[in-house]
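FYI, it's all coordinate maths here, none of it is from the lab. All values derive from a computational prediction rather than experimental measurement. When we count neighbours, we look across all protein chains shown, and the Cβ atoms used for this are built from the backbone with ideal geometry, even at glycine.
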Amino acid sequence: MRRVVSAILPHIVLIVFCSIILVPLLWLLRVALTNKLQAYQIPPEWSIPHIRNFVEIFTVHPFSDYFLNSVTVAIGSTLVALPLAALMAYSFARYNTGGLPLRLVTLSSQMLPPVILVLPLFNLFLKTSLLNTLPGLIIAHVTISLPFLAWLLVSFFEGDIILLEQAARIDGATRLQAILHVTLPVAAPGMLAAGLLSFILSWNEFLFALILGGAQASTLPVGLSSFQTHRGVEIALLSAAAICAVLPVFFLLPFMRRHLIRGLSLGALK
Amino acid sequence: MLKRLFLVVTVFLLIGGLVQAESIRLLMESVPDTRYIQELLPQFKAETGIDVDMEVISYIDMHSKLVPQLISPKGSYDAIVVDFYWVGEFTKAGWLMPLDDLVKRDNFDTGVYVPKLIELVGRVDNNLYMLPFYNYSMAIIYRKDMLEDPKEQAAFKAKYDMDLEIPKTWDEYWKQVEFFSRDTNNDGKTDMFGTVIQGQRGDCISMQWSNYLYALGGQYNDSNWNPTLNSAAGVAALTAYREALQKFSPPGSESYCFDEGFNVLAQGKAFSLQTFNIMFAGFEDPESSKVVGKVAITPNPGGGLNGAWGWAIPKSSPNKEAAWKFLKWVESYEIAKKRALLGGAPTQTKIFVDPDVVAARSYYPILGEILAGAQQFPVFTYTTQLVEEMGRELNLAATGEKDIKEALDASAEAFRKLLIKDGKLSK
Amino acid sequence: MPGLSVLLAVVVFPLGYALLTSFYDYTLIKPTYDNFIGLGNYRGMLEEAYLGTSLWVTLKFVIASVVIEFSLGMAVAVAMNAVTRFKSFYYIILLAPLLINPVVVGLMWRMLLHSELGIVNYVIGLGGIAPINWLGNPKTAFWTVVLVDIWHQISFMVILLLAGLSSLPREPYEAARMDGASPRLCFIHITLPLMRPVIFIALLLRFIFAIKTFDIIYIMTKGGPGVATDLISYFIYRAAFFGLDIGRASAMSVALLILILALTSYLYRYMRSFK
């Protein structure tokens with residue numbers, strides 16, 4: 001009996017949790033399929049859903065541009081930041097470069113509110129013609145995620161990994177071989193989590209995209225914000241856009257899933 | 001042979017260079033007029049050959065985006081739109097190019113504009129910096145079907161010994177607000193509200209409360225810039241506001257802004273509210289409103305709060321001449337009228353009474369009236385900061401966390417400090 | 001190390017700029033470095049009426065959201081680690097809120113929590129509960145903002161903790177199981193200690209992000225009602241963009257930074273001391 005309970009309990013926890021997350025999103029989907037009038041109608045009335053909102057965001061508003069820009073910047077900044085952060089984290093973990101002070105300083109630029117960070121960056125981009133460009137935004141987002149990733153990865157490079165790596169070295173591997181064949185695979189879940197974090201940070205980042213971007217380089221957060229018009233929030237369009245922004249990931253994830261699982265379970269193996 | 005080829009290619013390149021379309025970049029906010037202008041852009045291109053690249057962002061992000069652009073010597077935008085909040089700030093900082101010379105050179109008639117709008121988003125200290133683009137002055141939007149209902153009229157007359165008609169004085173309006181707040185399904189809770197308070201801290205409450213201030217005869221400051229908002233009229237206005245919040249408005253109004261207020265009226269749960277006149281079209285849209293055909297608009301007694309956006313050419317504009325061409329075109333009578341017909345918010349006096357416009361949108365003459373009587377919020381360098389601090393104090397008073405007189409005194413004090421900082425008042 | 005130099009460039013440049021600006025009278029009206037006023041900005045900052053309130057509200061917010069997110073997040077992460085079937089299904093749903101950007105989250109919840117027209121009040125009304133003034137009552141508004149933040153950000157904690165959990169070695173558990181230890185004992189004496197570095201990072205990162213919470217406030221409450229949700233990042237934003245005083249805003253940011261650094265190093269030493 002006990003075994004049954006302990007097998008089901010995690011599922012119950014997860015189901016409750018997922019419902020709390022899913023229900024508001026399902027409501028959002030409902031709003032996306034109706035209009036502003038229905039969104040605020042109490043008691044709610046149900047009518048035939050229509051996909052006009054979804055069509056409108058692609059025709060009247062450049063949703064596909066926003067989406068592609070966001071994807072590009074998010075993936076781009078992750079690809080740049082992750083290796084750099086890994087290098088940094090490795091050096092922190094192995095050699096304790098700079099000790100605690102340096103590690104604190106690393107994170108300190110991110111403890112400043114983005115408002116303060118954006119102005120010097122703007123001036124810099126102005127002089128180097130990086131304003132309103134996707135590479136510019138990628139660089140800007142790297143400056144945000146790099147400190148966090150470095151910190152995050154340090155904790156995955158510490159601990160038992162050091163012993164494993166040393167064991168491999170003793171067995172005759174060079175440092176590079178040890179890193180490639182032992183350290184990286186074991187730290188893989190951490191790297192994946194870090195990559196995910198970097199992607200999400202960039203995906204949701206608003207202020208830099210607003211100030212440093214422009215018509216040619218506008219991302220989803222900026223685009224979605226423009227649904228707040230002077231006449232009120234176009235909630236139905238906004239909902240449709242929000243759903244469209246999230247949906248592709250749902251389709252992509254099953255593919256990523258295989259790698260995620262390998263990464264997550266490899267870590268547990270010896 | 002090669003030389004001839006070279007010549008031909010060079011000539012082609014030259015011609016190509018000359019013929020290459022000039023293009024300008026605009027930064028606009030998401031108001032309906034923006035979309036109407038976008039529809040009319042091909043005409044501009046046909047007339048002048050200039051391409052127009054419009055970037056549209058939400059009005060709440062506009063200021064943050066504009067400021068870095070204006071500070072730098074060369075920005076990305078040729079023409080911008082400026083909200084009246086920032087007129088003082090932008091002109092004090094010297095970011096906008098004066099348009100007087102261009103106006104004189106091209107004989108552009110600025111007399112076509114409603115005088116109150118030129119005052120608000122046009123002239124600053126004898127220089128013309130902007131052309132009024134879009135107005136959003138505040139007024140009372142109400143359910144005319146409820147006013148015209150004979151049963152209601154009889155009951156109202158019985159209760160107040162006054163006719164139920166379009167409110168011309170504050171007293172009339174207040175009685176109507178009280179009258180229409182009721183519990184229609186007898187469950188002990190009011191579900192029909194006389195008005196909707198939009199009391200969210202900051203911008204929302206400051207804008208709506210201004211109408212109460214003006215209606216009760218108050219002003220923000222006198223002609224010498226001495227703050228007067230904490231006068232007896234101010235106290236009366238804030239007291240009334242708090243009463244409306246507690247008795248005649250939905251619970252939760254302390255956090256409402258214009259969108260929430262709109263939705264309450266649009267769902268048929270309120271009699272009236274003070275809001276921007278541009279919201280009117282939303283009530284007539286079956287996609288967002290249940291009360292289509294049932295609403296009307298009337299000026300706020302004592303004058304409603306004036307609001308507008310103006311076109312401006314920043315000093316950091318890369319192509320000022322082309323920007324000016326655009327401004328002249330978009331504000332020409334023909335284009336302004338087309339915008340109005342599509343549903344835009346005009347700024348030129350004649351458009352409000354143009355027969356074609358009136359035929360398409362019957363309430364526009366009333367809009368003209370509203371504009372003519374609109375009151376101006378103090379516009380100086382720190383207007384935004386004033387709205388913010390006053391917005392906090394007003395909100396604290398409205399929720400009952402602070403005493404009304406204290407809150408108004410604190411606001412007046414904040415106002416005074418900012419005026420001193422701006423040099424308008426001496427210590 | 002090339003990584004190091006990039007990192008330093010990325011970090012030192014904005015830090016230096018902020019520090020420098022905080023000593024000058026640098027406003028958006030006159031963005032020049034002509035007017036050196038030393039500690040003038042810092043002194044002025046202390047005179048700001050509501051700065052103390054804002055710091056206090058921020059502290060409450062951060063502690064509330066981090067503690068709740070950590071506890072719930074750990075529970076969910078442990079559950080995720082324990083199941084084998086449907087894992088990808090749960091994972092995808094888990095990720096969803098993180099991919100919805102804060103502006104949409106704020107607007108969506110404003111719609112759902114509208115006191116008159118929102119579906120949440122309607123549903124709880126069906127259950128006999130009186131409608132709650134989610135955003136209009138100062139006390140409720142604070143907790144509403146905390147809850148929305150939790151809804152949005154808890155998955156972040158779950159992902160980090162899950163990554164940590166899944167890289168734990170199996171031996172200690174097997175040994176403990178053979179000794180007859182209960183799952184709870186295993187958790188307290190094996191899992192938690194082994195997870196320490198990951199827990200520290202998760203808490204630290206979440207702590208910093210919580211302090212920087214801005215969008216939810218900006219969209220949902222503008223710091224109100226009254227000053228109930230006036231988080232420090234919104235406070236500084238206002239100083240910069242409404243008050244137009246970048247010097248003052250920089251001073252506040254630097255002061256905040258020093259505070260956080262102090263707290264962080266304390267937390268770090270504390271966690272290290274457990275080893």
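Note down, for region A:1-121, the three equivalent ellipsoid semi-axes (square root of 5 times each alpha carbon gyration tensor eigenvalue), biggest first, whole angstrom.
Values: eigenvalues 352, 176, 46 Å².
Here the semi-axes work out to 42, 30, 15 Å.
Residue farthest toward the positive end of the dipole of region C:1-130, with Cβ of Lys/Arg at +1 and Asp/Glu at -1: which of C:LEU72, C:THR58, C:THR84?
Result: C:THR84, furthest along the dipole toward the positive end.
Let me spell out the model: positive unit charges on the Cβ of Lys and Arg, negative unit charges on the Cβ of Asp and Glu, origin at the Cα centre of the protein assembly as shown. What dipole size does that give, in debye rounded to 20?
Details: 78 positive and 77 negative charges, 638 e Å.
It works out to roughly 3060 debye.
For B:ALA270, list long-range residues whose amide hydrogen, built 1.01 Å from N in the peptide plane, is under 5 Å from its own amide hydrogen.
B:PHE193
Assign unit charges at the C-beta atoms only (+1 for Lys and Arg, -1 for Asp and Glu), then state the dipole size of region C:4-155 relative to its Cα centre in Debye, rounded to the nearest 20.
Dipole size: approximately 460 debye.
All other residues with a Cβ under 15 Å from the Cβ of B:LEU342 taken together, and with Lys, Arg as +1 and Asp, Glu as -1, what is their net charge? Write down the numbers at each step before the final one.
Working: positive: A:ARG231, B:ARG35, B:LYS337, B:LYS338, B:ARG339, B:ARG361; negative: B:ASP33, B:GLU39, B:GLU284, B:ASP285, B:GLU334, B:ASP354, B:ASP356.
Its environment carries a net charge of -1.
Relative to the longest principal Cα axis of chain C, at what angle does helix C:138-166 sit, 0 to 90 degrees, rounded to 10?
50 degrees
For all pairs of alpha-carbon atoms in region A:182-243, what percent lies in each bin of width 5 Å, listed from the first bin to the last filled one?
Reading upward from the zero bin: 4, 15, 17, 16, 16, 9, 8, 7, 4, 2, 1, 0.
When only C-alpha pairs under 8 Å and at least 6 residues apart count, what is the relative contact order of chain B, in percent?
Working: 747 pairs, mean separation 107.1, N = 427.
The value is 25 percent.
Mind checking region B:108-200 for trypsin sites (Lys or Arg not before Pro) that DSSP puts in a loop (not H, G, I, E or B) and that have at most 13 other Cβ atoms within 10 Å?
Values: sites: B:LYS116, B:ARG123, B:ARG143, B:LYS144, B:LYS151, B:LYS157, B:LYS159, B:LYS168, B:LYS175, B:ARG182, B:LYS189; in loops: B:LYS168, B:LYS189.
The qualifying sites are B:LYS168, B:LYS189.
Could you point to the residue in A:LEU121, A:TRP27, A:VAL4 farthest towards the positive end of region A:1-126's charge dipole, with +1 and -1 charges on the Cβ of Lys/Arg and Asp/Glu respectively?
Result: A:VAL4.
Please identify the trypsin sites (Lys or Arg not before Pro) of region C:87-181 that satisfy two criteria: DSSP loop assignment and at most 11 other Cβ atoms within 10 Å. Which are they?
Details: sites: C:LYS87, C:ARG110, C:LYS139, C:ARG170, C:ARG177; in loops: C:ARG170.
For trypsin sites (Lys or Arg not before Pro) across region C:87-181 that sit outside H, G, I, E and B with at most 11 neighbouring Cβ atoms in 10 Å, the list reads C:ARG170.
P(r) of region C:84-133 in 10 Å steps, Cα pairs, percent per bin?
Values per bin, smallest distances first: 24, 29, 29, 17, 1.
On average over all directions, what projected area in square nanometres does the protein assembly as shown have, based on the convex hull of its Cα atoms? Please list the in-between numbers first.
Values: hull surface 191.0 nm².
In nm², the orientation-averaged hull projection of the protein assembly as shown is 47.8.
So between C:LEU46 and C:SER5, what do we pick up on full extension, going 0.36 nm a residue minus the alpha carbon distance?
11.2 nm
Only sites in a loop by DSSP and with at most 13 other Cβ atoms within 10 Å count here; which chymotrypsin sites (Phe, Trp or Tyr not before Pro) in region A:36-108 make the cut?
Numbers: sites: A:TYR40, A:TRP46, A:PHE54, A:PHE58, A:PHE63, A:TYR66, A:PHE67, A:TYR90, A:PHE92, A:TYR95; in loops: A:TYR40, A:TRP46.
Hits after loop and neighbour filter: A:TRP46.
Based solely on its DSSP helices, what 222 nm [θ] is calculated for chain A when runs of n ≥ 4 H residues each add -39,500 (n - 2.57) and the sum is averaged over all residues, nearest 500 deg cm²/dmol? Please list the in-between numbers first.
Numbers: 13 runs with 206 residues, N = 270.
-25000 deg cm²/dmol, from helical runs alone.
What does the charge add up to near B:VAL291, with Lys and Arg as +1, Asp and Glu as -1, over the other residues with Cβ less than 11 Å from its Cβ? Present the calculation step by step, with values, prior to reporting the outcome.
Numbers: positive: B:ARG143, B:LYS144, B:LYS269, B:LYS290, B:LYS294; negative: B:ASP145, B:GLU284, B:ASP285.
With Lys, Arg at +1 and Asp, Glu at -1, the net is +2.
With a cut-off of 8 Å between alpha carbons and a minimum separation of six or more residues, what is the relative contact order of region A:53-265 in percent? Present the calculation step by step, with values, prior to reporting the outcome.
Values: 209 pairs, mean separation 73.6, N = 213.
Contact order relative to length: 35 percent.
Compute, for chain C, the length of the dipole vector about the Cα centre, with Cβ point charges of +1 (Lys, Arg) and -1 (Asp, Glu) only. Units Debye, rounded to 20. Could the numbers behind the result be given before it?
Values: 19 positive and 13 negative charges, 119 e Å.
Charge dipole of chain C: 580 debye, to the nearest 20.
At a 10 Å Cβ-Cβ cut-off, how would you order A:THR133, A:THR106, fewest neighbours first?
Values: A:THR133 17, A:THR106 23.
Going from least to most buried by this count: A:THR133, A:THR106.
Taking amide H positions as placed in the peptide plane 1.01 Å from N, state which residues far from B:ASN221 in sequence (5 or more) or on other chains have amide H under 5 Å from it.
Here the answer is B:THR228, since their amide H atoms fall under 5 Å of that of B:ASN221.
Helix B:150-160: angle to the longest alpha-carbon principal axis of chain B, degrees 0 to 90, nearest 10?
Roughly 60 degrees, rounded to the nearest 10.
Using only the alpha carbons of region B:324-427, determine the length spanned along each of the three principal axes and report them from longest to shortest in whole angstroms.
Computed over the Cα atoms, the extents are 51, 35, 19 Å.
Mind listing the phi-derived Karplus ³J(HN,Hα) values for region B:130-147, rounded to whole Hz, using 6.51, -1.76 and 1.60 with θ = phi - 60°, and x for any glycine or proline?
9, 10, x, 10, 7, 10, 9, 4, 8, 7, 9, 9, 9, 8, 6, 5, 6, 5
Just to confirm a number: summing +1 for Lys and Arg and -1 for Asp and Glu over residues other than B:GLY194 whose beta-carbon lies under 13 angstrom from that of B:GLY194, what do you get? Display every interim value, and only then the final one.
On the way: positive: B:ARG143, B:LYS175, B:ARG182, B:LYS247, B:LYS269; negative: B:GLU152, B:GLU172, B:GLU178, B:ASP183, B:ASP191, B:GLU243.
Result for the neighbourhood of B:GLY194: -1.
From Cα coordinates alone, what are the radius of gyration and Dmax values for region A:115-217 in angstrom?
Answer for region A:115-217, Rg first and Dmax second: 18.7, 57 Å.
Once the Cα atoms of helix A:99-108 and of chain A are each reduced to a long axis, what angle between those two axes, in degrees from 0 to 90 to the nearest 10, is obtained?
10 degrees
For region B:241-286, how big is the tail of P(r) above 15 Å, as a whole percent of Cα pairs?
Across region B:241-286, Cα pairs with separations above 15 Å total 42 percent.
Can you list the residues, at least 5 places off or on another chain, whose amide H is less than 5 Å from the amide H of C:SER115, using H built in the peptide plane?
Amide H to amide H, under 5 Å and 5 or more residues apart or across chains, C:SER115 pairs with nothing.
Nearest 500 deg cm²/dmol is fine: what mean residue ellipticity at 222 nm does chain B get from its DSSP H runs of n ≥ 4 alone, each adding -39,500 (n - 2.57), divided by its residue count? Don't jump to the answer; show the numbers that get you there.
Numbers: 20 runs with 209 residues, N = 427.
Counting only the DSSP helices, I get -14500 deg cm²/dmol.
Suppose we look only past 33 Å in the calculated P(r) of region C:42-272. What percent of the Cα-Cα pairs does that tail hold? All intermediate terms of the calculation are to be shown ahead of the outcome.
Numbers: 7900 of 26565 pairs.
Value for region C:42-272 (Cα pairs over 33 Å): 30 percent.
Jot down the radius of gyration and Dmax of chain B, Cα atoms only, both in angstrom.
Here Rg and the maximum Cα pair distance are 24.2, 101 Å.
With unit charges on the beta carbons (Lys and Arg positive, Asp and Glu negative) and the dipole taken about the Cα centre of the protein assembly as shown, which residue among C:VAL105, A:THR133, A:LEU201 sits farthest to the positive side?
Of the candidates, A:LEU201 comes out farthest on the positive side.
Mean shadow of region B:194-349, computed from the convex hull of its alpha carbons, in nm²? Please list the in-between numbers first.
Numbers: hull surface 49.6 nm².
Convex hull of Cα atoms, orientation-averaged projection: 12.4 nm².
Once phi is turned into ³J(HN,Hα) by the Karplus curve 6.51 cos²θ - 1.76 cosθ + 1.60 with θ = phi - 60°, what whole-Hz value does each residue of region C:167-184 show in order, with x for glycine and proline?
9, 7, x, 8, 3, x, 5, 5, 4, 5, 4, 5, 7, x, 6, 7, x, 5
Expressed as cubic angstrom per residue, what is the convex hull volume of the alpha carbon set of region C:149-253?
128 Å³
Quick one: 3J(HN,Hα) in Hz for region C:202-212, Karplus 6.51/-1.76/1.60 with θ = phi - 60°, rounded, Gly and Pro as x.
Whole-Hz 3J(HN,Hα) from phi for region C:202-212: 4, 5, 4, 4, 5, 4, 5, 5, 5, 5, 7.
Viscosity 1.567 mPa s, temperature 4 °C: what is the translational diffusion coefficient of chain A from Stokes-Einstein with a Kirkwood Rh over Cα pairs, rounded to a whole number of µm²/s?
Details: Rh = 21.7 Å.
Answer from the Stokes-Einstein relation: 60 µm²/s.
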